[in-house]
Amino acid sequence: MCGIVGIVGKGAATPLLVDGLKRLEYRGYDSAGVATLVKGKIERRRASGRIAALEERVNAEPLGGRTGIAHTRWATHGAPVENNAHPHATDKVAIVHNGIIENFAELKAELAAKGRVFASETDSEVIAHLLTVLIDEGMAPEAAFGAALKRLHGAFAVAAIVAGHEDLLLAARRGSPLAIGYGDGEMFVGSDALALAPLTRKISYLDDGDWVVVTGSTVTIHDHNDIQVTRAIKETALSGALIGKGNFQHFMQKEIFEQPAVIGDTLRVYVNPATRAVALPDLPVDLKTLNRIQLVACGTSYYAGLVGHYWIERLARLPVDVDIASEFRYRDPILEKGGLSMFVSQSGETIDTLSALRHAKAQGQKIAAIVNVPESSMAREADVVLPTHAGPEIGVASTKAFTTQLSVLASFAFAAAKARGTMSAAALNELAGAIYEIPEKVSAVLAMDEAIRAAAEIVAPARDVLYLGRGTSYPIAMEGALKLKEISYIHAEGYPAGEMKHGPIALIASDVPVIVLAPSDEWFEKTASNIQETKARGGQVILIADAKGIAKAGSLATATIEIPESHPFVTPILYSIPVQLLAYYVAIRKGTDVDKPRNLAKSVTVE
Ligand code: AGP
């Protein structure tokens, strides 16, 4: 979603602002812009499309000034054209905004009646005019900003500069995240710490409802009641190196190949390498007596939740409900007071999931968050955080975040089984061994890179693709289909293999590849029958299975991808890797923008 950077600096602001925007590119955007104060006056450059287009504009017409704001826009209200790109400005103020102003129509009518003329179709522009009117009425910029915020409804982050005030930057957070960076004689604001990584390591995160007055040497934070508050300044561990591509062509490729390391980093937090005992942070509930767990997430994180559903119920005999976050609140779920709701999210900022978390909290649920960004809103609002240690994930298509989420859920299911006494010591021991071996097995799957690249040749020309799986392979089939859709723009569906005969079988044709995930588990024979049914109707099967499975059903397949044999419990993690790589190689073959696929945003902060 939209990205914000702001600087009250010592030197030229524009190069730093544009650089900051580049580090926010991963969030997804379709236009960009920058505004600075040049001799006290607001000047701006904007461009639709990529940041490279903005750079061209800035090169053609350089933009001086030491104080400024910049923005990447992901279109909601109005097309991604230059007129709608941020910053929006009057002669008095320029603003950048992330989120939605829900009452913009009403405000626009009111401001138009006062003679304000609008230049864009955006909801955001009302903020610039509202501030201008308040300043024109005689208010100081800081007071005008505080007053303007009270008129705005919705979830957003906003930053503003004011003509004639070169040592001033105003910013606020309500719903969408905003970080403050502390420099030496210069200060920064950014949508996340990544944007500010090379500028400073000293970061504080605004709480929801906070607004801030920033100068080159001071940061004054107010809460939603306008009371001056302090927010802790933390040293961030993020550095430019962590967010580089290294020797890889794409962030997604790098992140796929990082998985053995980051799964290991995550598992080590929960599984003791010496004793193989699994330990969770202190939970706000007693796993022994808990009646039910509610899991909630979006997209890939939701599919991780679906695997967790199988695992927790199977191992710990603990009932689980899984909901898509955007539907959760609206179905008015029955949530028992004191029960446990778990929210799964890479970013920890996805507004659908965050709103669902707040809903569950309001119903008296205890909240656990499985998140990758430790300073995120979900992490801060949860009763307990079960972190994934994937490191920054830049590729829009989630990969390492998913397998580390699975690693946490596997550890949780194990710990719950132990606490509830639902598994024998021998079975638990065998399971701990299987969990412990995951990183090594993931490395072995990555070594199948060439076979996966070859299979991509079969998939790339297709218009439609089916992914089939049973049991825990079913969510991975859906995840595989999502990855392919996201980055190759090929229509794909993930189906429970047994459901194929209830409809999707009508789609089987030689030009609709069917990707079958069939580990040697209790469902293998049944899935093999579905391969027969597909073959009998002229379908082309790409079989992802272990050596045993390939020996049994490989002759029916057009291509096979061999995965190491493993305990059935860990197969969802191992089988995630080939579907990620397959989507990646198909996208490469099709020449799409792998890390920044069209229309998508990394962190979805609007409903
Ligand atoms: C995955 O490839 C997606 N881009 C998307 O589905 C993502 O998983 C979803 O938006 C949830 O994001 P979160 O994990 O940051 O909450």
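Axis of helix 473-488 versus longest Cα principal axis of the chain: the two differ by about 50°, to the nearest ten degrees.
When the stretch 247-436 is described by a simple charge dipole with +1 on each Lys and Arg Cβ and -1 on each Asp and Glu Cβ, the residue from GLY339, ALA356, HIS250 located farthest towards its positive end is GLY339.
If you wrap a convex hull around the C-alpha atoms of the stretch 3-235 and split its volume per residue, what is the figure in Å³?
104 Å³
Can you tally the net charge around GLY65? Count Lys and Arg as +1, Asp and Glu as -1, for every other residue whose Cβ sits under 11 Å from the Cβ of GLY65.
Result for the neighbourhood of GLY65: +2.
Between amide H atoms placed 1.01 Å from N, distances below 5 Å from GLU565 occur with ALA547, all of them 5 or more places distant or on a separate chain.
Taking the Cβ of HIS359 as the centre, find all other residues whose Cβ is under 13 Å away and add up their charges (Lys, Arg: +1; Asp, Glu: -1).
For residues surrounding HIS359, the net value is -2.
Along the stretch 38-48 the Karplus relation, 6.51 cos²θ - 1.76 cosθ + 1.60 evaluated at θ = phi - 60°, assigns HN-Hα couplings of 10, 6, x, 9, 7, 10, 9, 10, 9, 7, 7 Hz to successive residues, with x for each Gly and Pro. Quick one: compute the contact order of the stretch 247-436, relative version, from alpha carbon pairs under 8 angstrom and 6+ residues apart, as a percent. Relative contact order comes out at 30 percent. Heavy atoms of the protein chains alone define the surface here; on that basis the stretch 57-186 has 35 Å² accessible area per residue at 1.4 Å probe size. Across the stretch 448-592, the relative contact order, built from alpha-carbon pairs under 8 Å that are at least six residues apart, equals 31 percent. Length available on full extension from GLU106 to LYS39: 0.36 nm per residue minus the Cα-Cα distance, which gives 20.7 nm. Distance between the C-alpha centres of the stretch 304-320 and the stretch 260-288: 17 Å, rounded to the whole angstrom. Within the shell of other residues whose beta carbon sits under 14 angstrom from the beta carbon of LEU507, the net charge comes to -2, with Lys and Arg scored +1 and Asp and Glu -1.
Sequence-distant contacts, meaning Cα pairs under 8 Å at least 6 residues apart, place the relative contact order of the chain at 12 percent.
Using the per-residue mean of other Cβ atoms lying within 10 Å as a proxy for protection, in what order, highest first, do the peptides 356-365, 120-129 fall?
120-129, 356-365
For the stretch 334-399 versus the stretch 431-449, the spacing of their alpha-carbon centroids is 27 Å.
Using the average count of surrounding beta-carbon atoms within 10 Å as a protection proxy, the listed peptides 103-114, 254-265 rank, highest first, as 254-265, 103-114. Rolling a 1.4 Å probe over the protein heavy atoms of the chain, with every protein chain left in place, gives an accessible area that is 51 percent carbon and sulfur. Between the beta carbons of LYS234 and ALA113, assuming R0 = 41 Å, the FRET efficiency works out to 0.35 to the nearest 0.05. Label-to-label distance for ASP167 and LYS245 is 4.2 nm, based on points extended 7 Å past Cα in the beta-carbon direction. Take the Cα of SER510, step 7 Å along the line toward its Cβ, and report every residue of the stretch 453-488 whose backbone nitrogen sits under 16 Å from that point. Inside the label zone: 458-459, 461-463.
Measuring how big the chain is from its alpha-carbon positions, Rg and Dmax come out at 25.5, 81 Å. Mind giving me the FRET efficiency for MET139 and HIS77? R0 is 30 Å, r the Cβ-Cβ distance, nearest 0.05 is fine. Computed FRET efficiency for MET139 and HIS77: 0.65. Relative to the current alpha-carbon distance between ASN599 and ARG380, full extension at 0.36 nm per residue lengthens the span by 75.9 nm. When each of the peptides 319-329, 440-450 is scored by how many other beta carbons lie within 10 Å of its residues on average, the order from highest to lowest is 319-329, 440-450. Max-minus-min Cα coordinates of the stretch 448-592 on each principal axis give 39, 30, 25 Å, with the largest extent listed first. Inter-part distance, the stretch 143-205 to the stretch 483-538, computed on C-alpha centroids, equals 49 Å.
The values are calculated or read from the model by the stated rules, or taken from the named source; none is laboratory data. Not measured: the values here are computed from a predicted model. Methodologically, a virtual Cβ is constructed for each residue, glycine included, from the backbone with ideal geometry; neighbour enumeration extends over all protein chains shown. To get the accessible areas, we keep the full protein, side chains included, count just its heavy atoms, and leave off ligands, DNA and RNA. Shrake-Rupley method; radii C 1.70, N 1.55, O 1.52, S 1.80 Å.
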